[in-house]
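Take a look at the following structure, please.
The values are calculated or read from the model by the stated rules, or taken from the named source; none is laboratory data. Worth saying up front: this structure is predicted, and the values here are computed from it rather than measured. Every residue, glycine as well, gets a Cβ built from its backbone with ideal geometry; the counts of neighbours run over all protein chains shown. Each accessible area value is taken on the protein alone, full model and side chains, heavy atoms only, with ligands, DNA and RNA left out. Shrake-Rupley method; radii C 1.70, N 1.55, O 1.52, S 1.80 Å.
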Amino acid sequence: GLIAFANNPKNESELWAVDPRGNLYRSSNGGNSWSDITEGLRDYQGSSSFGFIFFDSRAGVLYHGSKHGVLSSRDGGYVWSRIELTLAPELLPASAMSVDPDNSLRMYIGVQNLLYVSEDGGVTWTSVQIPGTGVISKIMPNPTNTREVFIGCSGK
């Protein structure tokens, strides 16, 4: 089975999926065939301990969250770069992400019950602790006011 799925809303043929072992697959033909693109993640220890995948269609960037942290790919998942988050490794994996649909520089990442916010494309981050004991599982900017976000949490 699959544990996560992402798509490119601007190109419905472009899809990504993650299996329970943390392997990442890509389809460029709407799911008719799949390529295993996990190899690009092998240099990042902990990347198979999956947290999320997210595609920012405005910027054309695929994001991958795991026990390694957060990685970004500008070529559909073949080559990855690390996004620097200042946090204790024991808090990982990163569990959710979203990007402001009107401004790709405004990014949101969930780690445990902490919401990390960047206004500069991930160069600098501030964090906000979300009350409660759950783990942030979903982040969605408010469509009518993208400076507000809706956050979903799952129990521990």
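For region 32-49, how many residues are outside any strand (DSSP E or B) and open to solvent by 30 Å² or more (accessible area, probe 1.4 Å)?
The total comes to 10.
Filter region 105-141 down to residues that are within 16 Å of PRO89 (Cα to Cα), of a type outside the set (A, V, I, L, M) and free of Cβ contacts under 8 Å to residues at least 40 places away in the same chain and give me whichever is most open to solvent (accessible area, probe 1.4 Å).
GLN112
List the residue pairs whose Cβ atoms are under 8 Å apart, where the first residue sits in region 45-56 and is farther than 16 Å from ASP100 by Cα, the second is of a type in the set (D, E, K, R) and surrounded by fewer than 17 Cβ atoms within 10 Å (Cβ to Cβ), and the two are 6 or more positions apart or on different chains.
From region 45-56, the pairs are SER48/ARG21.
Turning to a different aspect of this structure: Of the residues SER73, SER95, SER27, which is of a type outside the set (Phe, Trp, Tyr) and open to solvent by 10 Å² or more (accessible area, probe 1.4 Å)?
SER95
Could you tell me which numbered condition ASP102 fails, if it satisfies all but one of (1) open to solvent by 40 Å² or more (accessible area, probe 1.4 Å); (2) of a type in the set (D, E, K, R); (3) at pLDDT 95 or above?
With respect to (1) open to solvent by 40 Å² or more (accessible area, probe 1.4 Å); (2) of a type in the set (D, E, K, R); (3) at pLDDT 95 or above, ASP102 is out only on (3).
Further, regarding this structure: Given the conditions (1) modelled with pLDDT of 90 or more; (2) assigned to a loop (DSSP other than H, G, I, E, B), report the number of the one that PHE52 does not fulfil.
(2)
For region 80-88, check the following and say yes or no: at least one residue is more than 23 Å from GLY46 (Cβ to Cβ), open to solvent by 40 Å² or more (accessible area, probe 1.4 Å) and in a strand (DSSP E or B).
No, there is no match, as no residue in region 80-88 is more than 23 Å from GLY46 (Cβ to Cβ), open to solvent by 40 Å² or more (accessible area, probe 1.4 Å) and in a strand (DSSP E or B).
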